[in-house]
Amino acid sequence: MRTAYDVETIRAAERALMARLPDGALMQRAAAGLAAACADLLGRVYGTRVALLTGSGDNGGDALYAGARLARRGAGVTALLLAPERTHAGGLAALRAAGGTVLDADSGAAAAAVARAHLVLDGIVGIGGKGGLRPRAAELAALARESGARILAVDLPSGVDADTGEVHGDAVRAHATVTFGTYKPGLLVDPAHAYAGALRLVDIGLKPPASGGAGALEALQHDDVAALLPRPTGESDKYRRGVVGVVAGSERYPGAAVLATAGALHGGAGAVRYVGPAADAVLARFPEVLVSAGPPAEAGRVQAWVIGPGLGEDRTGMADVLASDVPVLIDADGLRLADARTVRGRAAPTVLTPHAGEAAALLGCDRARVESRRLASVRELAERYGATVLLKGSTTLIAAPGHPAVRVNPTGTPWLATAGSGDVLSGLTGSLLAAGLGAVDAASTGAYLHGLAAREAARGAPVSAQDVAAAVRRVWQEVAGS
């Protein structure tokens with residue numbers, strides 16, 4: 001499990017570590033890792049030109065000490081001081097002793113130093129920074145981007161919020177970020193995630209608590225997902241493995257029923273029951289599916305329901321599904337048709353899977369607010385509906401009222417933004433619910449496999465929802481064998 005911790009937790013862990021180390025040792029560890037990352041990004045150090053955008057405090061100190069290490073290896077290093085009177089004294093002395101050059105960021109020579117640099121190191125502000133960059137810092141960051149230099153952020157890109165991933169104003173757009181000790185939530189959540197580039201974690205001996213707490217993010221890895229995948233035993237039959245019911249599709253949108261069913265068939269349950277008007281289309285594609293004209297209450301035994309994809313305005317099955325005592329996943333049209341009070345009152349788990357536009361409708365705000373405040377939005381939805389919420393998007397997030405840490409899905413590809421892919425995800429996740437996974441684990445595992453399947457199917461080219469569904473089996477095998 002990859003865990004990102006909030007600033008308060010990180011600060012406490014840093015204080016505890018510094019109390020056990022000689023003065024300055026922690027910064028030297030960070031600088032050593034940072035300098036190594038700079039060297040990797042440059043390819044060679046001797047003869048290269050490095051510009052340090054240096055703010056006040058420890059973040060600027062890390063950049064200065066790393067710059068001193070690069071200067072001793074033959075790089076031409078220039079530090080541009082954005083707060084000369086508050087620059088880290090020890091780092092500044094080390095850079096000068098190593099032969100580095102120091103300039104006031106407001107000087108005429110500062111822009112030229114950035115323009116000719118091969119590498120620009122962003123040491124403007126650290127994890128405690130709030131709000132966007134100040135004007136001069138923003139100018140230099142923009143110039144660095146225009147120059148074609150590689151931009152490496154120290155701990156996180158300056159101008160992004162470490163705790164929330166929000167970006168208020170100008171921020172550094174880095175090609176890569178070196179972060180120290182542990183990940184920060186803002187590095188994993190859009191919009192800030194898009195500013196971070198490739199992430200590299202440097203171990204500095206930090207020991208945050210094993211449990212991340214309410215401000216933490218969790219990202220499942222292959223081994224975590226492998227441990228969660230349902231596996232049949234010798235005594236399993238289709239009912240013991242779980243039966244998922246799918247209420248989806250309409251005369252206008254029969255394809256949604258087919259795609260949701262496709263996802264469900266690949267999700268680990270033993271059988272799929274389809275209820276709705278698209279039975280002929282479903283059976284033509286998947287003859288193994290058990291079909292029923294409805295209502296859901298009379299369809300037969302299920303261990304979980306999926307409802308919503310392609311329903312249009314048909315809410316006839318919603319009451320039956322929400323009244324059931326099994327887990328329910330609500331997607332697409334179902335999010336609009338479900339009664340919020342009834343969802344909150346359910347005793348069995350409920351999973352909502354909105355994209356940003358649907359989340360905005362549920363929250364009564366505009367889409368831009370959800371996309372700019374993804375972490376806050378998914379937490380608010382989970383609390384408001386008393387449900388597990390899987391907020392789809394450039395970074396998919398999963399939150400639940402009883403689960404202190406929000407999960408972020410690390411898989412996927414921009415090619416996944418295609419019609420019907422969410423229907424496949426709904427069926428896949430619903431099947432995992434029927435197979436016995438808890439709501440948070442089912443949503444996290446479903447998103448992980450769905451994202452991997454999209455990568456496998458796309459391989460850098462356009463992909464269809466059917467391609468994604470077909471690739472689930474292959475990535476399941478890959479993960480299960482890890």
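Remark: the chain carries 40 Å² of accessible area per residue (probe radius 1.4 Å; ligands, DNA and RNA excluded).
Relative contact order, whole percent, for the chain stands at 13, derived from Cα pairs under 8 Å and 6 or more residues apart. Ordered by 1.4 Å accessible area with all protein chains kept, L53, L201 run largest first as L201, L53. When the residues H193, H168 are ordered by accessible surface, computed with a 1.4 Å probe over the protein chains alone, the sequence from largest down reads H168, H193. Counting 0.36 nm for each residue step from A111 to R11 and taking away their Cα separation leaves a gain of 32.6 nm. Sequentially through the range 167-178, phi angles give Karplus couplings (6.51, -1.76, 1.60; θ = phi - 60°) of 10, 10, x, 6, 8, 6, 9, 9, 7, 7, 10, 9 Hz, Gly and Pro residues having no value and appearing as x.
Dipole orientation for the chain: of the candidates G55, A111, G76, G76 has the Cα lying most toward the positive pole (charges on Cβ; Lys, Arg +1; Asp, Glu -1). Remark on Y253: its backbone amide H falls under 5 Å from none of the residues 5 or more positions apart or on other chains, H modelled at 1.01 Å from N. How much accessible surface area, in Å² rounded to 10, belongs to the heavy atoms of L17 with a 1.4 Å probe? Roll a 1.4 Å probe over it and L17 shows about 10 Å².
When the accessible area of the chain is computed with all protein chains present and a 1.4 Å probe, what percentage of it is carbon and sulfur?
Details: 9590 of 19240 Å².
Carbon with sulfur: 50 percent of the solvent-accessible area.
Summing charges over all other residues whose Cβ lies under 15 Å from the Cβ of S464, with Lys and Arg as +1 and Asp and Glu as -1, gives 0.
For the range 173-221 versus the range 82-114, the spacing of their alpha-carbon centroids is 28 Å.
Which value results when the Cα radius of gyration for the range 42-117 is divided by 2.2 N^0.38 Å? Scaled against compact globular proteins, the figure is 0.98.
Hey, if we sort C38, C365 by accessible area with the 1.4 Å probe, largest down, what's the order? List each step's numbers first, then the result.
Numbers: C38 0, C365 35 Å².
The ranking, largest first, comes out as C365, C38.
Here W305 sits with roughly 10 square angstrom of accessible surface, probe radius 1.4 Å. DSSP beta bridges fully contained in the chain are about 15 percent antiparallel.
Dividing the convex hull volume of the alpha-carbon atoms in the range 227-374 by its residue count gives 129 Å³ per residue. Inter-part distance, the range 228-295 to the range 2-33, computed on C-alpha centroids, equals 50 Å. Between the amide H of L52 and those of T78, A79, L80, L121, distances stay under 5 Å, these residues lying 5 or more places away or on another chain, with hydrogens modeled in the peptide plane.
The values are calculated or read from the model by the stated rules, or taken from the named source; none is laboratory data. Note that the structure is a prediction, hence the values are computed from the model and not measured. Neighbour counts run over all protein chains shown; Cβ positions are idealised from the backbone, glycine included. For accessibility, only protein heavy atoms count, side chains too; no ligands or nucleic acids. Shrake-Rupley method; radii C 1.70, N 1.55, O 1.52, S 1.80 Å.
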